[in-house]
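**Student:** Pasting a structure here, questions to come.
Readers should treat all values here as calculations from the given coordinates under stated rules, not as data from a laboratory. All figures in this text were calculated on a predicted structure; none of them were measured in a lab. All Cβ positions, glycine included, derive from the backbone under ideal geometry; neighbour counts span all protein chains shown.
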Amino acid sequence: MTDTQQRPRVDPDITVDDFIAEARAWLDENAEKRTDRRGDFVWGEGDFDVAVFHNMTFDEESAYIDGISDWIKKKSERGYHAITGPASVGGLGLSRKHARAYGRLEREYASPGRHELIGVTTGLIAPTIDAMGSDTLKERFVGDLLRTDLYACQLFSEPGAGSDLAGLSCRAERDGDEWVINGQKVWSSGAQFSEWGELIARTDPDEVKHKGLTAFMLPLDAPGVEVRPITQMSGGSSFCEVFFSDVRIPDDLRIGDVGQGWLVAMTTLGFERDHSESGGDGSSSGGNWTKLLATAEYTGAIGDPVVRDRLVQQYIHGRIESLTNRRAADLAKSGTPGPEGSLGKLLWTEGMNSMSDTVSAVLGARLIADTGEWGTYAWGEHLLGAPGYRIAGGSDEVQRNIIGERVLG
């Protein structure tokens, strides 16, 4: 850390209660209380955002991402952006209990929002490099990624491979101390805003497909890289296809050993499926229980016994998801999520889709007729986006395979 990034020292033995008391005082000074929590939420006031994927122009989305980054940088002055991380990357070196408690606390305050690229940068690629990268890569990337001084996307999926990550065909061929990359990736969220990408490429076509892969950090401004945003049915262009034509990168950007790409990819996907610090209320994207209940109350659908039953089932699902995530977190003693994370990921996507069904029953025609009525037609962005997460981070079918093979045996 530089002198400008120095932060107050924190007692490594500080209790969770004392830590949260300090964090609450800091948040009171630097953030506003949320108004979309039950008891604070006022129907008809402020923005009603339940979108899963953002429907913005390039400039709007870029500014939105930078706003989230500014908040993370502000938190980094106190180490709240990397509570479990070591001091060498600006973290506090505290436990996951401290981190989960802070996560619950921060949800009481308004924040600039969430974006997939920020989550991938800080929650997937930074910890993957920390777990699998060389000392040089760790020093070069981890601190900057956690502070969002750099943005990084995943370069995993391909048009011809789908959910079968081991079947990818993007090639990396060694040429002395460099690798030459050729091929294509797709569904790379935030690639148009990223400086770097975590690439999984085939380095040995003669090996069994899982064993012939290698991982790299790839600069997206390198000659031969072309990023093309894809317009989604929800209106935005959150993800992209990326093409590589004789792209040269040095070997010191390799993550792990040659042939360890599958292990690196599974490490990243383990973090992607880990929702252990989520509240389980669907607040991460696509709306939450409070907004769903308020919508039912506003429309009068709350009096329908069938709707009431669906609402109760939605609430129960959220509680089960939260408890399952906590259990998975307790099992992740090493700090790297295991296959149990697939349970949380599957519950999350199922919860988003059941919320779509419930709000459809609540709103009816209001979902397809934009009359300007606050908090109604806006739910359409949730319905259009929710199915995407049945594919993102590994399809539902892949999650069930992981659960069946690696959890249930």
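**Student:** Return a whole-number percent for the relative contact order of the chain, with Cα pairs under 8 Å and 6 or more residues apart as the contact set. Write down the numbers at each step before the final one.
**Tutor:** Values: 698 pairs, mean separation 63.9, N = 409.
Relative contact order comes out at 16 percent.
**Student:** Pull out a ≥ b ≥ c, the square roots of the eigenvalues of the alpha-carbon gyration tensor of segment 1-142, then state rounded if a/c is under 1.5, prolate if not and a/b is larger than b/c, and oblate in the remaining case. Numbers along the way, then the final one.
**Tutor:** Numbers: a/c = 2.09, a/b = 1.26, b/c = 1.66.
Oblate shape, in that a/c is at least 1.5 and b/c is the bigger or equal ratio.
**Student:** Distance between Cα centroids, segment 118-165 to segment 217-267: provide it in whole Å.
**Tutor:** Cα centroid of segment 118-165 versus Cα centroid of segment 217-267: 10 Å apart.
**Student:** If you don't mind, there's one more thing I want to ask. Find the all-direction average of the projected area of the Cα convex hull for the chain, expressing the result in square nanometres with one decimal place.
**Tutor:** Values: hull surface 82.9 nm².
Convex hull of Cα atoms, orientation-averaged projection: 20.7 nm².
**Student:** Which residue, chosen from 318, 129, 186, occupies the Cα position most advanced towards the positive end of the dipole of the chain, where the dipole is computed from +1 (Lys, Arg) and -1 (Asp, Glu) charges on Cβ about the Cα centre?
**Tutor:** Most positive-ward Cα: 318.
**Student:** Got a sec to turn the phi values of segment 210-221 into Karplus ³J(HN,Hα) couplings, 6.51 cos²θ - 1.76 cosθ + 1.60 with θ = phi - 60°, whole Hz, x for Gly and Pro?
**Tutor:** Each residue of segment 210-221 in turn: 5, 8, x, 10, 9, 10, 9, 9, 10, x, 7, 9 Hz.
**Student:** Next question, about the same structure. Residues in segment 41-80, backbone N under 19 Å from the label point at residue 228 (7 Å along the Cα-to-beta-carbon vector): list them, ranges by number please.
**Tutor:** 58
**Student:** Moving to a separate point now. In whole Å, largest first, what are the principal axis extents of the Cα atoms in segment 45-128?
**Tutor:** Its Cα atoms span 38, 28, 21 Å along the three principal axes.
**Student:** Give me the dipole magnitude in Debye, nearest 20, for the chain about the Cα centre, with unit charges on the beta carbon: positive for Lys and Arg, negative for Asp and Glu. Please report the intermediate quantities before stating the final value.
**Tutor:** Details: 42 positive and 64 negative charges, 233 e Å.
That gives the chain a dipole magnitude of about 1120 debye.
**Student:** Further question on the same structure: Listed highest first by mean packing, meaning other Cβ atoms within 10 Å per residue, what order do 342-353, 61-72, 291-302 come in? Walk me through the intermediate numbers first.
**Tutor:** Values: 342-353: 22.2, 61-72: 16.9, 291-302: 18.9.
Going by the mean number of other Cβ atoms within 10 Å, highest first, we get 342-353, 291-302, 61-72.
**Student:** Summing -39500 (n - 2.57) over the DSSP H runs of n ≥ 4 in the chain and dividing by its residue number, what mean residue ellipticity at 222 nm do you reach, to the nearest 500 deg cm²/dmol? Show your work: numbers first, answer last.
**Tutor:** On the way: 12 runs with 146 residues, N = 409.
Theoretical 222 nm ellipticity from helices: -11000 deg cm²/dmol.
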